1. Counting other beta carbons within 10 Å of each residue's own, what order do 177, 202 fall into, fewest first?
2. Return the aspartates and glutamates within reach of residue 26: Cα separation strictly under 14 angstrom, same-chain partners fewer than 8 residues apart disregarded; answer none if there are no such residues.
3. Set Lys and Arg Cβ to +1 and Asp and Glu Cβ to -1, take the dipole of the stretch 6-278 about its Cα centre, and tell me which of 198, 159, 84 lies farthest positive.
4. Mind listing which GluC sites (Glu not before Pro) in the stretch 1-58 are in a DSSP loop and have 12 or fewer other Cβ atoms within 10 Å?
5. Order these by the 10 Å Cβ neighbour count, fewest first: 171, 70.
6. If the viscosity is 1.002 mPa s and the temperature 20 °C, what translational diffusion coefficient in µm²/s does Stokes-Einstein give for the stretch 1-61 when Rh comes from Kirkwood over Cα pairs?
7. Give the Kirkwood hydrodynamic radius (Å, one decimal) of the stretch 100-167, defined as one over the mean of 1/r across all pairs of different Cα atoms.
8. Let me know the Kirkwood hydrodynamic radius for the stretch 74-222, please, with Cα pairs as the basis and the value in Å to one decimal.
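Since every read-out is calculated from the coordinates, none of them should be taken as a lab result. Given the structure is predicted, the values throughout are model-derived calculations rather than measurements. Virtual Cβ from ideal backbone geometry, glycine too; neighbours counted across all protein chains shown.
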Amino acid sequence: MNFGESISLAYRSDESEQKSFNVNVKLPYLFTSPFGAELELNIFKKDSSFTTADQSVRVNYQLNSKNQFSLGLKSTKSSNLLSSENLNPFIKDYETNFYNIGYTFINRLKGQTIFKRNATIRFDTGIGNREISNTKDQQYQYSLDAFKIFSLNPKNNIFLRTTSEGLISDSYLENELSRFGGINSIRGFEENSLSATFYGLLITEYRYSLSSNLYIHTIIDAAYFENKIIEQKEKLYSFGFGFGLTTKAGLLRFNYANGKSENQSFKLSNSKIHLSLTALF
């Protein structure tokens, strides 16, 4: 309808018997006003342990072409799938309702075939209550995702990205923790194989453009995360290389990375290959 509407659909199933399904619909400039709406559904299933369904609705205000503010409501319902013989005390049925505020900054580039955005900042924070068997606990959460491309010259660029999520609560459940790992977070680790009450990532790439639709890059990633359920605090590192190629089907990304924890030595057998195809239509 030529007002910048977008629909995003993602489904993932991996060898760890994890499945995720996400739908996001954005409707900006409703009735030609600076206000818009955003609806999202996210379903995650962890083997035979639990399922979690997130539903959210937002009202966005587009201040200008780069800056956007939002108010929203997020509802989560999680179900314990374990049998009575295999009960985990940190996996329980629960429901939460969060009231969120957010800010988004996007700097778009015109006439670019690969690097269509030069910088992005997305910050979201909220307050809510978690209910377990009619017992309520107040919680706070936040998420940050930001990147910047520093152009050294027409062929050489440096890509920096930082991502962080955190949950503040008096107690924690395994099925409410943030999950990360994979091509869209720290590479060299399986998709969503890491869980944390708090994590922070630094993702870096040195990019060299071979042509207007092909670039190669290095991979140097670092992460720090905490899991208060098991009193875990750990640093992670990842090194590798990859390329990005614009095809008729979309942007194809290939990453080869080797990830390790702070006290581990590098092993080639721990290397991972990540493939991603992003199609815009």
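1. Numbers: 177 21, 202 15.
Ordered by Cβ neighbours within 10 Å, fewest first: 202, 177.
2. 5, 38, 40
3. Final value for the positive-end residue is 159.
4. Values: sites: 5, 15, 17, 38, 40; in loops: 5, 15, 17.
Here the GluC sites (Glu not before Pro) that fit, given the DSSP loop and packing criteria, are 5, 15, 17.
5. Values: 171 11, 70 19.
Lowest to highest Cβ neighbour count: 171, 70.
6. Diffusion coefficient, whole number: 163 µm²/s.
7. On the way: mean 1/r = 0.0686 Å⁻¹.
Every distinct Cα pair counted, the radius reaches 14.6 Å.
8. Working: mean 1/r = 0.0556 Å⁻¹.
It works out to 18.0 Å.
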